[in-house]
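Below is one structure, written out as structure tokens; the observations come after it.
The values are calculated or read from the model by the stated rules, or taken from the named source; none is laboratory data. These figures come from a predicted structure and were not determined experimentally. In this analysis, Cβ positions are derived from the backbone assuming ideal geometry, glycine residues included, and neighbour counts consider all displayed protein chains. When the accessible area is computed, the model is the full protein with side chains, heavy atoms only, and any ligands, DNA or RNA have been set aside. Shrake-Rupley method; radii C 1.70, N 1.55, O 1.52, S 1.80 Å.
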Amino acid sequence: MQGWEIRLDTRDVDLARAQVARSYCPHALAPTRGAFRARHAEAGSADVGVFSLSYGEGAVRVRPEPFGDFVLLSRPLAGTLAVRGRAGECRAVPGRTVALDPHTAHDLDFGPGCRLLTIKLPTTLVARAGAASGRAGDVRTGPATDPRPWDAIMRLLLADVVPQGLLDTPFGASVAQLAAVAALDSFGAAPAPERRRAAAADVVRRACDYVDAHAGDGIGLLDIADAAGVAPRTLQDHFRDRLGTSPTAHLRRVRLERARADLLAGDGETVVAVASRWGFGHLGRFAAEYRRAFGRSPSDDLRRG
């Protein structure tokens, strides 16, 4: 799988328990029927973990300790996952994500052939997204009340971010913040209404000024919303209405423009060095975005410089 690192492929239950615990937390692991074969792959960063886990064609029961400092959002790519906690039982099937809060000792039943895709987010990041949005920063165990925000993040991660190896670039920090906001939009409490709404033009201006000053840093939606003084969703609405784009897409464009300026400056740097400085960790993707934006390749502009 492109962009993934294989961590485990074993039929040894004890080895599987020990290895998987390194990515998640201590847990009890008990095959209940059928053939056992643990396969575990990982793609992630300090801000967001992305995991693929299966236990073969048999059924397995897992009882993790309460996570404490992270939340999980899990979606079967095949088979089913049953989750039991304080709020009762729910079942996830392919195409349906279930959230697991950080405070509950859950019982997890992997059905035969279950292959689970899981996103891991720090509770500190989710709490920050909650504070920025004027809501409780808690993800509750269970299915989504509105799956659309989280489904959009899943598509972004699987189709673009993970295969291109972007989680360990400055863009990865942007994705992590987007994921925290989407997790609360889909699995959290409703936000409180904002008491005071600043003029959209002022909000967008403050946001753009912040992006201009910090485009070389690992910033994302939460940072930009903080600087603009509004909730992340409000910022996204204002950008869409006034600029026809999103805050993170605007940040991406500014970084492209800064990279082009460096290439045209002709200071003897390579395309790789310039792309890396501005957060583009995958050279092929950078070149494709660059050509779409400017009608030329990065190497063309480097030669012009």
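With respect to (1) in contact (Cβ under 8 Å) with a residue 60 or more places away in the chain; (2) in contact with a strand residue (DSSP E or B) (Cβ under 6 Å, 6 or more places away or on another chain), the lone exception for Thr141 is condition (1).
Can you tell me which residues in region 167-177 are closer than 10 Å to His282 by Cβ and crowded, with 24+ Cβ neighbours inside 10 Å?
The first filter runs over region 167-177 and keeps only residues closer than 10 Å to His282 by Cβ, leaving 169, 171.
Passing the criteria: only Phe171.
Within region 224-272, work out how many residues are among the β-branched types (Val, Ile, Thr), open to solvent by 70 Å² or more (accessible area, probe 1.4 Å) and closer than 11 Å to Val203 by Cα.
Restricting attention to region 224-272, the residues satisfying the condition of being among the β-branched types (Val, Ile, Thr) are 224, 230, 234, 245, 248, 254, 270-272.
Next, only the ones that are open to solvent by 70 Å² or more (accessible area, probe 1.4 Å) stay: 270, 272.
Cutting the leftovers down to closer than 11 Å to Val203 by Cα gives us none.
The total comes to 0.
Within region 196-213, identify whether any single residue is at pLDDT 90 or above, surrounded by fewer than 21 Cβ atoms within 10 Å (Cβ to Cβ) and either among the hydroxyl-bearing types (Ser, Thr, Tyr) or under 13 Å from the mean Cα position of the chain (by Cα) (or both), and answer yes or no. Among the residues of region 196-213, at least one is at pLDDT 90 or above, surrounded by fewer than 21 Cβ atoms within 10 Å (Cβ to Cβ) and either among the hydroxyl-bearing types (Ser, Thr, Tyr) or under 13 Å from the mean Cα position of the chain (by Cα) (or both), which makes the answer yes. All conditions but one from (1) surrounded by fewer than 16 Cβ atoms within 10 Å (Cβ to Cβ); (2) over 19 Å from Ala225 (Cβ atoms) apply to Arg140; the one that does not is (1). When each of Val271, Val254 is tested for being touching a Pro at 6+ places or on another chain (Cβ under 7 Å) and modelled with pLDDT of 90 or more, the lone residue that passes is Val271. Looking at region 274-293 only, could you name the residues that are open to solvent by 40 Å² or more (accessible area, probe 1.4 Å) and either over 23 Å from the mean Cα position of the chain (by Cα) or more than 24 Å from Gly3 (Cα to Cα) (or both)? Those that are open to solvent by 40 Å² or more (accessible area, probe 1.4 Å) and either over 23 Å from the mean Cα position of the chain (by Cα) or more than 24 Å from Gly3 (Cα to Cα) (or both): Arg291, Arg292. Show the residue pairs meeting these rules: Cβ distance below 8 Å; 6+ apart or different chains; first residue within region 211-225 and closer than 13 Å to Arg258 by Cβ; second residue surrounded by fewer than 22 Cβ atoms within 10 Å (Cβ to Cβ) and among the β-branched types (Val, Ile, Thr). So the pair list comes out as Val211/Val254; Asp212/Val254; Ala215/Val254.
How many of the residues making up region 215-238 are farther than 19 Å from Gly137 by Cβ and within 21 Å of the chain's Cα centre (by Cα)? Explain how you work it out, then say what you get.
Just the residues of region 215-238 that are farther than 19 Å from Gly137 by Cβ, to begin with: 215-219, 227-228, 237-238.
Next, from what is left, pick out any that are within 21 Å of the chain's Cα centre (by Cα): 215-219, 237.
The qualifying residues number 6.
The criterion of at least 2 residues that are open to solvent by 40 Å² or more (accessible area, probe 1.4 Å) is met, among strands (runs of 3 or more DSSP E) falling completely within region 14-99, by 27-33, 38-44, 59-64, 88-92.
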